[in-house]
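For reference, the structure discussed in these notes is given below.
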Amino acid sequence: MTNATILIVDDEMGFVETMAKRLQKRNMTVYKAYDGDAALSQLEEHKDVQVVILDMKMPGKDGLAVLQDIKEAHPLVEVIMLTGHATVPTAVEGMQHGAFDYLMKPCSFDNLNEKILEAVALKNEHETEAVEERVGNIAGRMG
Amino acid sequence: MHPDQKATYDKLSRNIALTVITVSIAPLILVGGLIFDQMRSIYREKVYSHLAEVVDKHKDTVDSFLQEKLNEVHYLGRAYSYEQLTDPVFLQETLRGIQQQFGRIFVDIGVIDENGRQIAYAGPYALLGADYSAAEWYRQSRNQEAVISDVILGLRQSPHFFITINNDTGGKKWTLRVTIDFLAFSHLVENIRIGETGSAYILNNQGVFQTKPLESYEHLTLSPVSSIPLPELSDVSIGIASGSDGEDYLEVASPLNNGNWRLVYLQRVSDAFSAMTRAETVTLLIFLVGGIAIVVTAIVISRQLVVRFKIIDRESELMSKQMVETGKLAAIGELAAGIAHEINNPVAIMIEEAGWVADIMEDEGKGLASSSEIDRALQQVATQGRRCKDITHKLLSFARQTDSRVTNVVLPALIREVVDISMQPARYGQVDFDLTLEEAMPPVRASVTELHQVFLNLVNNAIQAMETEGGGTLSISCRENNGVAEVVVADDGPGIPAANLNRVFDPFFTTKPVGKGSGLGLSICFGIIHQMGGEIDVESGVGQGTRFNIRLPYPAPVEQANAKELHHD
């Protein structure tokens, strides 16, 4: 069992590669995507992804649009946004659309690591709730 | 100022002045001229008709006087016979009688026979037996029934005239002659005196004076210039004549004594119209003074207007210069933001790569001889990467677009941010910061960008002031006091002279050399603080440093609670 299953989405390949290696080294499963569409198809493919690290500024579909798509298709997946300073308002908007948190680029790795673990914890909590609800529903039907 | 610009302003001033003068004076002249002209002609007519009336009336008086005398003499001739009249005693009685009856107008009575000899005489002169056969008057009167003679000196060598009646008693012709007192007659005319130069006299057909004229008129010769038609009083004529003394005269004449004489009234034109001339002079004076007042006012007003224009132009020029400056700054800001943003990515990758190497070293590099050296290098890469990050973040906060959105602003944090940005110039100016910040103070509602601008302006001003003295301490404090946020920015620089102290917030006031300062910094601060409902004031004196006090209000409690809630969301 890995610590977390993560999808990193950023158009900066160097950043994605290194980040992936470092996270894998910390016993995480990491998937990579270099644009929004790839991210969505990766999510379809790997249902076990818990946290998406999503860059806001990408060519093609921008981070905010991708975030909305993710939240629609996979509401339980937590998203951490990576943003430049100039796109803080976007980040705020992202938070309003259900992102877990945002990090200012360049971010400290330790900080990111912490945020990921928090997000995973939150996701697990949500999943447990969802399961309990489902169990409750089933119990209700049976009772 | 540019000479072209000066010429433009001068032209503008001239045009305004000319327009105002034309518009105000033209109707004045038109209306004034019209009234003037009307007044003149009405007054002239009045003078003419008045004079004509006076002359006409006097002519009637003189005519009736003569007629009366003639009638009286006629009566004598008819009432008494030749024999009676040639009786000296009777004649004397008769003279006394008529003198008693009509006054001493009748001087003497004489009877002249057909040969021109005075055969009877009663009067003060010794004229009995005088021979008039050669006298002009006698010859002329021969063929007429009654004659009023011209005034002559005659034998008695004093002016007189007489009324002669030719009678015929039984084929024998004789003439009754009565002399009229010249002075009494003259008096009838002489009392027509109007103004200083107006007087009347009587002329005969040959132009010989029949009454004593004013001394100055005795040798005056007149050449008529024009005559003025008078519809009524058709036997009175008025003419203007230029006299031999160079003056213009008004000559009013009317025939007298069946056309043998003329009653002439003469007056200098200048005298006749003196009242009008006076009125005209006063009016002209008023016009002149009014005109000068209008011209002066127009010039002064146009100058003042143009001075206002100049000031407005200069202000707008500075304003637009400031706009350009602001635009330039914004462009630089955007560029900086773009660069900072682009640099962030490679720096991020570099930091991550260093981190990755560090990760690897942790696992596999323990045995390497230079592992500690590699660790140190990686540490250095990470540190310098963080520095790059700090720099780009500072650049980004400088470039943040002007944003007047009101948010909750934590003053201590904002002040620290400003101090961070100003650290570099402060170091060069050897300025130390002394911050006393009350961290727990509640946030104020304000635009971050605007407050940035305020504190940056104050801090930069203070640093620039202290720089000139080789450094100093810039103290900034903030605290909450009775529901107001108080910020004090104080330096120990050279201070502001009292003369400038109450002008520092004026727009465009600057002590910096031309082109160095816009003079807008403090006025912008003032504007921003006041827009927020706050206050800013300054305490300073030469050598005492400068202290800016800012007080910002907190919103009403309910509002603040809502705001906090919103912020929390």
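Here are some notes:
- In summary, residue B:338 fulfils each of the numbered conditions (1) farther than 22 Å from residue A:108 by Cβ; (2) within 9 Å of chain A (Cβ to nearest Cβ); (3) at pLDDT 85 or above with the single exception of condition (3).
- Among the candidates A:47, A:61, A:21, residue that is basic (Lys, Arg) and within 24 Å of residue B:353 (Cβ to Cβ): A:21
- Breaking point among (1) open to solvent by less than 90 Å² (accessible area, probe 1.4 Å); (2) modelled with pLDDT of 85 or more, for residue B:561: (2)
- Residue identified as in contact with a strand residue (DSSP E or B) (Cβ under 7 Å, 6 or more places away or on another chain), of a type outside the set (Val, Ile, Thr) and over 28 Å from residue B:68 (Cβ atoms) among B:268, B:262: B:268
- Residues within segment A:22-40 that are of a type in the set (Val, Ile, Thr) and within 11 Å of another protein chain (Cβ to nearest Cβ), tallied: 0
- Test: residue in segment A:40-48 that is modelled with pLDDT of 85 or more, closer than 25 Å to residue B:340 by Cα and not in a loop (DSSP other than H, G, I, E, B): no
- Qualifying residue in segment B:269-288 (condition: farther than 30 Å from residue B:137 by Cβ, touching an Asp or Glu at 6+ places or on another chain (Cβ under 7 Å), part of a strand (DSSP E or B) and modelled with pLDDT of 80 or more): no
- The listed residues are A:76, A:43, A:82, and the only one of them that is in contact with a Cys (Cβ under 9 Å, 6 or more places away or on another chain) and either farther than 30 Å from residue B:336 by Cβ or within 14 Å of another protein chain (Cβ to nearest Cβ) (or both) turns out to be A:82.
- Residue count for segment A:1-21, restricted to those that are open to solvent by less than 20 Å² (accessible area, probe 1.4 Å) and within 14 Å of chain B (Cβ to nearest Cβ): 7
- Matching residues in segment A:23-67 - criterion: being polar (S, T, N, Q), without any contact (Cβ under 8 Å) to a residue 60 or more places away in the chain and surrounded by 15 or more Cβ atoms within 10 Å (Cβ to Cβ): A:29, A:42
- Qualifying residue in segment B:369-387 (condition: within 24 Å of residue A:58 (Cα to Cα), within 12 Å of another protein chain (Cβ to nearest Cβ) and at pLDDT 85 or above): yes
- Filtering segment B:100-134 to residues that are among the hydrophobic types (A, V, I, L, M, F, W, C) and touching a strand residue (DSSP E or B) at 6+ places or on another chain (Cβ under 8 Å) leaves B:105, B:106, B:107, B:109, B:111, B:112, B:119, B:120, B:122, B:127, B:128, B:130.
- Scope segment B:433-468; condition surrounded by fewer than 17 Cβ atoms within 10 Å (Cβ to Cβ) and of a type in the set (Asp, Glu); matching residues: B:434, B:438, B:439
- Just one of the numbered conditions (1) at pLDDT 85 or above; (2) closer than 26 Å to residue B:416 by Cβ is not true of residue B:531: (1).
- Residue pairs meeting the criteria (Cβ under 7 Å; at least 6 apart or on separate chains; first over 19 Å from residue B:324 (Cα atoms) and modelled with pLDDT of 75 or more, in segment B:503-526; second open to solvent by 50 Å² or more (accessible area, probe 1.4 Å) and not small (Gly, Ala, Ser)): B:505/B:526
- Count of residues meeting criterion [away from chain B (no Cβ under 14 Å) and open to solvent by 70 Å² or more (accessible area, probe 1.4 Å)] in segment A:103-127: 4
- Any hit, segment B:317-332, residues being open to solvent by 90 Å² or more (accessible area, probe 1.4 Å), within 14 Å of another protein chain (Cβ to nearest Cβ) and either among the basic types (Lys, Arg) or in a helix (DSSP H, G or I) (or both): no
- Among the residues listed as B:132, B:217, B:125, B:201, the single one being aromatic (Phe, Trp, Tyr), touching a helix residue (DSSP H, G or I) at 6+ places or on another chain (Cβ under 7 Å) and farther than 24 Å from residue B:81 by Cβ: B:201
- Residue B:298 meets all of the listed conditions (1) in contact with a helix residue (DSSP H, G or I) (Cβ under 6 Å, 6 or more places away or on another chain); (2) within 26 Å of residue B:201 (Cα to Cα); (3) assigned to a helix (DSSP H, G or I) but one, namely (2).
- Lone unmet requirement of (1) within 14 Å of chain A (Cβ to nearest Cβ); (2) touching a residue at least 60 places away in the same chain (Cβ under 8 Å) for residue B:415: (1)
- Yes/no for residue B:269 being more than 30 Å from residue B:149 (Cβ to Cβ) and either among the β-branched types (Val, Ile, Thr) or crowded, with 16+ Cβ neighbours inside 10 Å (or both): yes
- Qualifying residue in segment B:34-55 (condition: among the hydroxyl-bearing types (Ser, Thr, Tyr), surrounded by fewer than 18 Cβ atoms within 10 Å (Cβ to Cβ) and either more than 57 Å from the chain's Cα centre (by Cα) or not in a helix (DSSP H, G or I) (or both)): no
- Among the candidates B:343, B:351, B:360, residue that is β-branched (Val, Ile, Thr), surrounded by fewer than 16 Cβ atoms within 10 Å (Cβ to Cβ), part of a helix (DSSP H, G or I) and within 12 Å of chain A (Cβ to nearest Cβ): B:360
- Matching strands (runs of 3 or more DSSP E) fully within segment B:154-242 where at least 2 residues are crowded, with 19+ Cβ neighbours inside 10 Å and aromatic (Phe, Trp, Tyr): B:161-169
- Residues in segment B:127-153 that are open to solvent by 90 Å² or more (accessible area, probe 1.4 Å) and polar (S, T, N, Q): 3 in all.
The values are calculated or read from the model by the stated rules, or taken from the named source; none is laboratory data. Source: prediction; values computed, not measured. Neighbour counts are summed over all protein chains in view; Cβ atoms, including those assigned to glycine, are modelled from backbone coordinates with ideal geometry. Side chains are part of the model used for accessible areas, which takes the heavy atoms of the whole protein and leaves out ligands, DNA and RNA. Shrake-Rupley method; radii C 1.70, N 1.55, O 1.52, S 1.80 Å.
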